[in-house]
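The values are calculated or read from the model by the stated rules, or taken from the named source; none is laboratory data. Values in this document were obtained by computation on a predicted structure and should not be read as measured data. Cβ placement follows ideal geometry from the backbone for every residue including glycine, while neighbour counts extend to all protein chains displayed. For accessibility, only protein heavy atoms count, side chains too; no ligands or nucleic acids. Shrake-Rupley method; radii C 1.70, N 1.55, O 1.52, S 1.80 Å.
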Amino acid sequence: MPLSAQEESDERSVGAARARSAGRVVLEARGITKRFGTVVANDRIDLTVRAGELHAVLGENGAGKTTLMRILFGELQPDEGEIYLDGQRVRFRSPRDALRHGIGMVHQERKLIPAHTALENIILGHPKTGAILNLREAEREVSTLCERYGFRVPLHAKVWQLSEGEKQIVEILKELYHGARILILDEPTSVLSPPEIVKLLESLTRMAKEDLAVIPFITHKLPVVLEHCDRVTILRRGRVVAEMETQHATEQTLAAAMVGREVVLQLERVQVPLGDPIVRVQDLWVRDDRGLFAVQGLSFEIRAGEILGIAGVAGNGQEPLAEALAGLRPVERGTITLDSIDITHAPVLERWRRGLGYIPTERREVGSIPTFSLVDNVLLNYHFESEFSRWGILASGQARELTERILREYSVVAAGPNAPARSLSGGNLQKVILGRVLARKPRFLIACLPTHGLDVGAAEFVQRKLLEAKQSGTAVLLISEDLDEILALSDRIAAIYEGQFTGIVPVSEASKELVGELMAGLRRERV
Amino acid sequence: MSSLLVISLAAAAVFAIAALGELLEQRAGILNVGLEGVMLLSGTFGFIAAKTSGSYLQGFTVAILTGALVGLLHGFFSITLGSNQVVNGMAIWILGFGLTTYIGYPYTGPLGLKPFPTVAGLPTFFLVALALAIAIWFLLFKTHLGLKLRSVGENPSVAEASGISVTGLRYLAAILAGMLVGLGGAVYSLVYNPVWNYNYLQGWGFIALALVFFSLWNPFLVVAGAVFFGVLWQLSLYPELLFPNVFSRYIWRAMPFVITIIVFIVLSTRWFRLRWGATKPEALGLAYQREN
């Protein structure tokens, strides 16, 4: 959307015309149906997006959001149904085809080149970019876009230096620069702190007012949606179950529509008398893969029977912290003690033997070996124990028994203990990983994003099990990007921002606003 | 002393031109470890063409075309078939080594043309190498084509999603690289040391390959590194010029290769990767297959 003076005045008159026609339908999908084998992912979905309003699509994981997005973006062809753009029937054969019609998509996983600058990423591949790069001209155009919608991003910084929120803005700018009029955003709020979410939604609202159709697809963060979006379409099990104006909706009605039953948004958090400190971390410094200090002087302790929740936006040092505690990443400075024994530089195995348990973020990459059976996956946490291996020979009977017990107690849906891990859904696999580690009765449990990407039922289950572990005297470090989850489970909350704690507050004193501001680095409590 | 420098620059030209070609394709994500083979093939065919026709022009043309052809072949295997690029490069080296030994044998001996002219006493092809370094730098960092090439080498799926033909650009890079590497091979066999012998190149291609990593994919550092290796090579031949009676000459002869190995060890340390690692094209040596 480069603007010469001439075009700018045109733009203005068009804008005026548009204001008069507010409510005009920009994008309409009628009766979209898509089947994968016997599964109906989208069942006669209707979606109508009008100019000048911010229209969100809500739904749980597995409700069919992703399929619908991919169809709108030309990545998938619907089995039935039609798409209309400005009243014209269109058909997208490929994402590039969709972009030619002005549909831009901002994915959840970033499609940027980390080694290039933000500006280079934005202009990459645009036909208008001449043979010789004119970065100054491009910068002027992109800056105009930034001003118009209230974005702030350092255009000449390399993308790997940007925060997750800034990267998302670069992607939005890229789509706009390449001429998108309809912008589909996949979970745009998931990588942002609460204040950043508000800013982004304000920018999106500004875009929506200018005749751009902006469609965020969202799973969580219902209150913000209520506040900033004009209209929502709610999907459940591949169908549209409701379309409503947000002014007539409440958080409860949205949640109920998404889940299909009344949702109790409360977990029972039992306070247990705190025991001795189990874990003590003193002035911990850890580097990330790029060699920069991602963890900068963190100190904390966790007592038996306590959950310490680390609240923060992705990429503020949570991963390196967890990896350093688990022994997967070297510690540069500081100490970690477990039951008063220094394990700062102890090998992973020694930590496990001393009672550490670890639930990694990546269920399928680090948490399990997809092609292995569940028994073998369970063994990954036990192979070093004498009951499970004698003279180097595995006690397969034992392992099988344990696996069966886990499958039973955690109501895992699986073909059996010998089913390969990859055949399980995310929720069921997470239950196996959780059961596997909790059966060890760990003294100290590190849980990284334990419910990320799980449906409400499985998430509830995992959360209850974490609370049970705490009640039986485990010290739990909970890392989550979901503030609601942190508030619901933790006894104390530590907000992390750029590798430092901006505050550690007991849950009784923690409000959502306070923790949100701490996470965004907008304020600091004395730590 | 000054003659040592001049002959060092002549050697540097060979290293630099070949390494610049390799740098170009590595920036686009293609790794050809068989530089030695490409240079042997094009150097030999260029030598035969020049010797039989008596014309430098024909010699260089044949060498460049040969390089382009081998580049195309490497492209076909590593882009279209998606095979392992390291294995592929090794095959090219072995092919080049064997084929040139067989075909070149009847032409063993000196080229027998007038020595290639110099410019103001400097080796002509060193100046060509300098010009090429500037041209490639400009191409990579100042043009849209360069941005696209680098994108393809960093993350082909992002490039594809931005409307760039990964296959097309990688072929372009492989062929251009082949031409430059071929030219480098001919500079050796027609100018630097115009006497054909079996395995006349003695591992220069591998030094050129090391130079690319050594340079952190920067064309100017390629030239600087090439001068360094050029001086080192001459010193290994005539160590008594600067350091009489230090070490035996066998140790000096091994020096360029020992240093190459040291460079690779340093490059693979954790310290180096943390400090400089971001400069390596992320998709280097990885095949890319379009989805669906």
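Miscellaneous remarks
- Chain lengthening between A:Q88 and A:E362 when straightened (0.36 nm per residue, less Cα-Cα): 94.3 nm
- In order through region A:449-455: 3J(HN,Hα) via Karplus (6.51 cos²θ - 1.76 cosθ + 1.60), integer Hz, x for Gly, Pro: 6, x, 10, 4, x, 8, 6
- Kirkwood hydrodynamic radius (C-alpha pairs) into Stokes-Einstein, region B:112-169, 4 °C and 1.567 mPa s, D in µm²/s: 94 µm²/s
- Neighbour net charge for A:A488 - beta-carbon separation under 13 angstrom, K R +1, D E -1: -2
- In the protein assembly as shown, a dipole from Cβ-located charges (positive for Lys and Arg, negative for Asp and Glu) runs towards its positive end, and of A:A494, A:H248, A:S386 it is A:S386 whose Cα lies farthest in that direction.
- Charged neighbours of B:V33, selected by a Cβ distance under 14 Å, balance to -3 (K, R count +1; D, E count -1).
- Listed residue (B:A135, A:A447, A:A419) projecting farthest to the positive dipole end of the protein assembly as shown, Cβ model: B:A135
- Inter-label distance, nm, simple model (7 Å from Cα along the C-beta direction), A:D484/A:E80: 3.3 nm
- Point-charge dipole on Cβ atoms (K/R +1, D/E -1) for region A:349-459, about Cα centre, debye to 20: 260 debye
- Placing +1 on each Lys and Arg Cβ and -1 on each Asp and Glu Cβ, with no other charges, gives the protein assembly as shown a dipole about its Cα centre of roughly 1580 debye.
- Region B:176-286 shape via C-alpha gyration tensor axes, a/c threshold 1.5: oblate
- Inter-chain Cβ neighbour average for residues B:146-156, partner chain, 10 Å: 4
- Gyration tensor (alpha-carbon) shape descriptor, region A:150-214, a/c threshold 1.5: oblate
- The charge dipole of region B:3-279, taken about its Cα centre with unit charges on the Cβ of Lys, Arg, Asp and Glu (plus for the first two, minus for the last two), comes to roughly 260 debye.
- Sparse-neighbourhood loop sites, trypsin sites (Lys or Arg not before Pro) in region A:63-155 - DSSP loop, at most 14 other Cβ within 10 angstrom: A:R91, A:R93, A:K128, A:R152
- Computed from protein heavy atoms with a 1.4 Å probe, the total accessible area buried between B and A is close to 1800 Å².
- As a ratio to 2.2 N^0.38 Å, the alpha-carbon radius of gyration computed for the protein assembly as shown takes the value 1.12.
- Nearest 10 degrees, 0 to 90: helix B:2-27 Cα axis against chain B principal axis: 20 degrees
- Whether region A:110-179 is rounded, prolate or oblate, judged on the alpha carbon gyration tensor where a/c under 1.5 counts as rounded: oblate
- Nearest 10 degrees, 0 to 90: helix B:204-214 Cα axis against chain B principal axis: 50 degrees
- Sum of side-chain charges, B:A208 neighbourhood, beta-carbon under 9 Å (Lys, Arg +1; Asp, Glu -1): -2
- Between B:Q289 and B:A224, the modelled label-to-label distance comes to 4.2 nm, taking each label 7 Å out from Cα in the direction of the beta carbon.
- Note, ³J(HN,Hα) from phi for region B:235-247, Karplus 6.51, -1.76, 1.60, rounded to Hz, x at Gly and Pro: 4, 5, 7, 10, x, 5, 4, 10, 10, x, 6, 9, 6
- 5 Å binning of all Cα-Cα separations within chain B, expressed as whole percents from 0 upward: 1, 6, 12, 16, 18, 17, 13, 8, 5, 2, 1, 0, 0, 0
- Pairwise label distance in nanometres, A:L522 with B:F247, each label 7 Å out on the Cα-Cβ vector: 6.4 nm
- Spatially proximal lysines relative to A:K209 (Cα-Cα < 26 Å; intrachain offsets below 8 disregarded): A:K65, A:K167, A:K174, A:K199, A:K221
- Packing, as the average of other Cβ atoms within 10 Å across residues, places the peptides A:189-195, A:388-394 in the order A:189-195, A:388-394, highest first.
- Nearest 10 degrees, 0 to 90: helix B:35-53 Cα axis against chain B principal axis: 50 degrees
- Coil-residue GluC sites (Glu not before Pro) of region A:38-113, DSSP, other Cβ within 10 Å capped at 10: A:E109
- Mean projected area of the convex hull spanned by the Cα atoms of region A:278-392, taken over all viewing directions: 8.7 nm².
- Our summary gives region A:382-520 a relative contact order of 14 percent, counting only alpha carbon pairs under 8 angstrom and 6 or more residues apart.
- Phi to ³J(HN,Hα) by Karplus 6.51 cos²θ - 1.76 cosθ + 1.60 over region A:289-303, Hz, x for Gly, Pro: 4, 8, x, 8, 6, 8, 10, 10, x, 7, 9, 6, 9, 10, 8
- Estimated FRET transfer efficiency when R0 is 41 angstrom, pair A:T144-A:R96 (beta carbons, to 0.05): 0.95
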